[in-house]
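A.B. asks: I am attaching a structure below and will ask some questions about it afterwards.
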């Protein structure tokens, strides 16, 4: 069915499509703005009204579309971590086809490159991980724990790590692979060049691989020694 507007025929589908597009744009804008604000200021310091103003939407739009600040925060976090979830199956399928050495190196390199591309995730976790709250519990249970559980068997077996050792290894990996990018401005003031350049990312990956696979190389050398005796 078509209606006449100013001498032009406008189909009903086009009429409904435009408001839907505007709605989606407003929702996306609020999520985008809030992602940075929550990561840099924290949940309590990022006000609903400030998010609406910076996003360029009318007052009350955030609650109208998302229900509450808590539900909105979860939607923002879901949006960020959906990127990780989309890559989780890829992790497992790739690891199943790699040797222990190649698999560990691939995982380390992946974490470095991912942290360089999405430093906002590290900033968000740094904000929320500093205190016990429903927010860090949500991030850990919904997103971090499944990822850790997926990689733990491969890494523990490859490096001969017990549960406690894996916990240390994991946090060394996460901290060392991400801090240089999450604190990129600090890094540039300290050393005079950008941390997220390809050459820096490549060098950082290689250095971290060398550090975190030391135990694997030792294990392989011991196996070779035993076989030759």
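A.B. asks: Being surrounded by fewer than 19 Cβ atoms within 10 Å (Cβ to Cβ) and closer than 25 Å to residue 183 by Cβ is the filter; apply it to segment 48-79 and report the residue that is modelled with the lowest pLDDT.
C.D. replies: The residue in question is 79.
A.B. asks: Can I ask one more? Going through segment 128-146 one residue at a time, which ones are in contact with a helix residue (DSSP H, G or I) (Cβ under 6 Å, 6 or more places away or on another chain) and surrounded by fewer than 19 Cβ atoms within 10 Å (Cβ to Cβ)?
C.D. replies: Answer for segment 128-146, where residues must be in contact with a helix residue (DSSP H, G or I) (Cβ under 6 Å, 6 or more places away or on another chain) and surrounded by fewer than 19 Cβ atoms within 10 Å (Cβ to Cβ): 129, 136.
A.B. asks: Something else about it: I'd like the full set of residues that are part of a loop (DSSP other than H, G, I, E, B) and loosely packed, with under 13 Cβ neighbours inside 10 Å, limited to segment 21-46. Quick ask: steps written out before the conclusion?
C.D. replies: Quick first cut of segment 21-46, residues part of a loop (DSSP other than H, G, I, E, B) only: 42-46.
Selection gives 44, 45.
Okay, residues lined up against (1) closer than 19 Å to residue 120 by Cα; (2) modelled with pLDDT under 95:
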site: 131; (1), (2): yes, yes
site: 142; (1), (2): yes, yes
site: 190; (1), (2): no, no
site: 211; (1), (2): no, yes
site: 224; (1), (2): no, yes
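A.B. asks: Still on this model: For segment 152-169, how many residues are under 24 Å from the mean Cα position of the chain (by Cα) and buried (at least 17 other Cβ atoms within 10 Å of the Cβ)?
C.D. replies: Residues that pass the stated criteria total 4.
A.B. asks: Moving to a separate point now. Report yes if residue 135 is touching a residue at least 40 places away in the same chain (Cβ under 8 Å), assigned to a helix (DSSP H, G or I) and outside the structural domain of residue 198 (by TED's automatic domain parsing), otherwise no. Please lay out each step first, then the result.
C.D. replies: Working: touching a residue at least 40 places away in the same chain (Cβ under 8 Å): yes; assigned to a helix (DSSP H, G or I): yes; outside the structural domain of residue 198 (by TED's automatic domain parsing): no.
No: the conditions fail for residue 135.
So that you can scan it fast, the table gives a plain yes or no per residue for (1) part of a helix (DSSP H, G or I); (2) out of contact with any helix residue (DSSP H, G or I) (no Cβ under 7 Å at 6 or more places or on another chain); (3) farther than 20 Å from residue 208 by Cβ:
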site: 71; (1), (2), (3): yes, yes, yes
site: 76; (1), (2), (3): yes, no, yes
site: 84; (1), (2), (3): yes, no, no
site: 93; (1), (2), (3): yes, yes, yes
site: 103; (1), (2), (3): yes, no, no
site: 110; (1), (2), (3): yes, yes, no
site: 120; (1), (2), (3): yes, no, yes
site: 165; (1), (2), (3): yes, yes, no
site: 168; (1), (2), (3): yes, yes, no
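A.B. asks: Taking segment 192-216, which residues are outside any helix (DSSP H, G or I) and surrounded by 15 or more Cβ atoms within 10 Å (Cβ to Cβ)?
C.D. replies: Scanning segment 192-216 gives 195, 196, 213.
A.B. asks: Also, quick follow-up: Within the group 115, 158, 150, which residue is in contact with a helix residue (DSSP H, G or I) (Cβ under 9 Å, 6 or more places away or on another chain) and under 23 Å from residue 31 (Cα atoms)? Don't jump to the end; show me each part of the working.
C.D. replies: On the way: 158 fails: under 23 Å from residue 31 (Cα atoms); 150 fails: under 23 Å from residue 31 (Cα atoms).
Exactly one residue qualifies, and that residue is 115.
The values are calculated or read from the model by the stated rules, or taken from the named source; none is laboratory data. Nothing here was measured: the structure is a model prediction, and the numbers come from that model. Positions of Cβ are backbone-derived with ideal geometry, glycine not excepted, and every protein chain shown enters the neighbour counts.
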